[in-house]
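The values are calculated or read from the model by the stated rules, or taken from the named source; none is laboratory data. Owing to the predicted nature of the structure, the values given are computational and were not obtained by experimental measurement. Glycine gets a Cβ as well: all are built from the backbone with ideal geometry, and neighbour counts include every protein chain shown. Keep in mind that these areas ignore ligands, DNA and RNA; they rest on the heavy atoms of the full protein, side chains included. Shrake-Rupley method; radii C 1.70, N 1.55, O 1.52, S 1.80 Å.
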Amino acid sequence: MAITYRFEDEFLFTTIEGETGYEEVKKYLDDLMLDPGFRPGMPGVIDCRRVTSLFSILDLRRTAADAKTRPELQVPGRAAVLASSNIVYGLLRMYEVFNEDNPAQTRVFRELEPAMAWLKGPRGEEDDE
């Protein structure tokens, strides 16, 4: 399992590959919060198209709950998550639901282009769908 990230312009790009779970994502968030390049609310892409294992629903809930304890993630912002398989896409849509009351929006996409358009697009009530 590998979670890597980079900053490009004003965006955070994260790639998750292989098998992953709550502990790996928690460590990634711990490291990211300490990185001087990170700023709260920055738009990001989380590429999960090469994930080979599935989070349990419990792990999804724990990850959403962990994000809610981090003040840096409780600011308006957007994260676009990329998924290729139907199962990963469905699980990530569940995460969207678990994350609904967070001011940082999460939305799942299959392709990078529409994800980037959403990240760069206007913000307002139309985001709530």
* **For F55, residues with placed amide H under 5 Å, excluding near neighbours** => none
* For V108, solvent-accessible area (1.4 Å; no DNA, RNA or ligand), Å² -> 10 Å²
* Quote to one decimal, in nm, the extra length available between K68 and E10 on full extension: 0.36 nm per residue of separation minus the C-alpha distance between them. => 18.6 nm
* Please calculate the 1.4 Å probe accessible area of I16, with all protein chains present, and give it to the nearest 10 Å². => 20 Å²
* Structure fact -> The farthest towards the positive end of the charge dipole of the chain, of the residues L91, V108, V81, given +1 on Cβ of Lys and Arg and -1 on Cβ of Asp and Glu, is L91
* How many nm is it between the label spots at E19 and R110, if each spot is 7 Å from the Cα in line with the beta carbon? -> 2.9 nm
* **Electrostatic dipole magnitude of segment 7-129 [Cβ: Lys, Arg +1; Asp, Glu -1; Cα centre; debye, to 20]** => 200 debye
* Using a 1.4 angstrom probe with every protein chain in place, what is the largest-first accessible-area order of L34, L54, L112, L60? -> L34, L54, L112, L60
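Roll a 1.4 angstrom probe over the protein heavy atoms and tell me the percent of accessible area of segment 69-129 that is carbon or sulfur. Kindly include the intermediate steps, with their values, before the conclusion.
Numbers: 2000 of 3510 Å².
Looking at segment 69-129 in its full context, I get 57 percent from C and S.
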* segment 58-129, dipole about Cα centre (Lys/Arg Cβ +1, Asp/Glu Cβ -1), debye to the nearest 20 -> 280 debye
* **Amide hydrogen neighbours beyond the local backbone of A104, cut-off 5 Å, H modeled** => V75, G77
* Structure fact -> Note on segment 18-129: C-alpha Rg/Rh, Kirkwood Rh, two decimals, gives 0.93
* **Positive-end residue of L12, P71, L34, charge dipole of segment 8-117 with Cβ unit charges** => P71
